[in-house]
Amino acid sequence: MKSLTIYILLLMSLNLHAEDNKIEELYRLNNISGSILIESLDGNSKYQYNVNESERFIPASTFKIPNTLIVLEEGLIKDPADVIKWDGVKREYASWNKDQTLKSAFQHSCVWCYQRYAKQVGNQKYRAYLRKFHYGNTLTGNDISRFWLDGELRISVQEQINFMRKVHSEELPIQNKHLKTLKNIMLSETHKNYTIWSKTGWSGKDGWYVGYLLIDNKTWLFANHIEINSKTDLKFRKQLTIDSFHALQLIQ
């Protein structure tokens, strides 16, 4: 009986390795350096490529996930439909150069919107929230309006997954209504057979695509970090994640 158990475990290990090789091939064929982790909600199934649990990166706009919760919890936005008035300063992206709502600011990664609220939250409260969330290294730095873009905050691929699990399960020290608001604005794709809640991020060399996939009543958490060498690489944040879902036959 013991030999049979060992044999089954060996087969499972070989199968997981083969699946991971499929993901590695996607990165190799597209000449992308990065790491991805796809994990079932219960943590019993895991697929990965090039993941180093101790390696942390700038979260960039994926920090808008916890940042949205903080802004809501602090009461800086009372109603998700409230207008965030544009200051009239023209910036790099046309989608930023107009009034926003919380949803549009999140989906367009509108930096100035979140910077405005960051100054109101302040360093002390941010540090407290980051510790309560167990978010990355919990550091901010000298510039409270940029610490997630080029400051001291860092997070690993595994830590992104751990945080997304708390978001999905609504197990954060945040009012439930705010978690539901976040999920509403994170909803990014609705297909016949599956749904995705997600956020991209980019700052310098760090490109991200994180979130969770619901298919056949099963939830898969994902975090993809890639090295950005040119703007043409940005598409691979999402593309390699979706391609990995297909390679693993999580989606058809």
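The values are calculated or read from the model by the stated rules, or taken from the named source; none is laboratory data. Please read these numbers as outputs of a predicted model, since none were measured by experiment. Virtual Cβ from ideal backbone geometry, glycine too; neighbours counted across all protein chains shown.
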Whichever residue in segment 50-99 is without any contact (Cβ under 8 Å) to a residue 12 or more places away in the chain and not in a helix (DSSP H, G or I) and, among such residues, is surrounded by the most Cβ atoms within 10 Å (Cβ to Cβ): Asn97
Single unsatisfied condition, Ser109 versus (1) surrounded by 12 or more Cβ atoms within 10 Å (Cβ to Cβ); (2) without any contact (Cβ under 8 Å) to a residue 60 or more places away in the chain; (3) on the phi > 0 side of the Ramachandran plot: (2)
Any hit, segment 102-110, residues being more than 30 Å from Val83 (Cβ to Cβ) and outside any helix (DSSP H, G or I): no
Verdict on Glu227 being under 25 Å from Asp20 (Cβ atoms), surrounded by 14 or more Cβ atoms within 10 Å (Cβ to Cβ) and among the charged types (D, E, K, R): yes
Boolean, Leu172 is over 23 Å from Leu213 (Cβ atoms) and buried (at least 16 other Cβ atoms within 10 Å of the Cβ): no
Only one of Thr241, Thr200 that is closer than 22 Å to Lys166 by Cβ and out of contact with any helix residue (DSSP H, G or I) (no Cβ under 9 Å at 6 or more places or on another chain): Thr241
Candidates Ile38, Ile70, Ile65, filtered to the one that is in contact with a helix residue (DSSP H, G or I) (Cβ under 6 Å, 6 or more places away or on another chain) and either within 30 Å of Lys125 (Cβ to Cβ) or at pLDDT 95 or above (or both): Ile70
Residue that is nearest to Leu29 (Cα to Cα) [pool: residues in segment 213-242 that are in contact (Cβ under 8 Å) with a residue 24 or more places away in the chain and over 17 Å from the mean Cα position of the chain (by Cα)]: Asp233
Selection status of Ile23, in a helix (DSSP H, G or I), within 25 Å of the chain's Cα centre (by Cα) and either at pLDDT below 95 or of a type in the set (A, V, I, L, M, F, W, C) (or both): yes
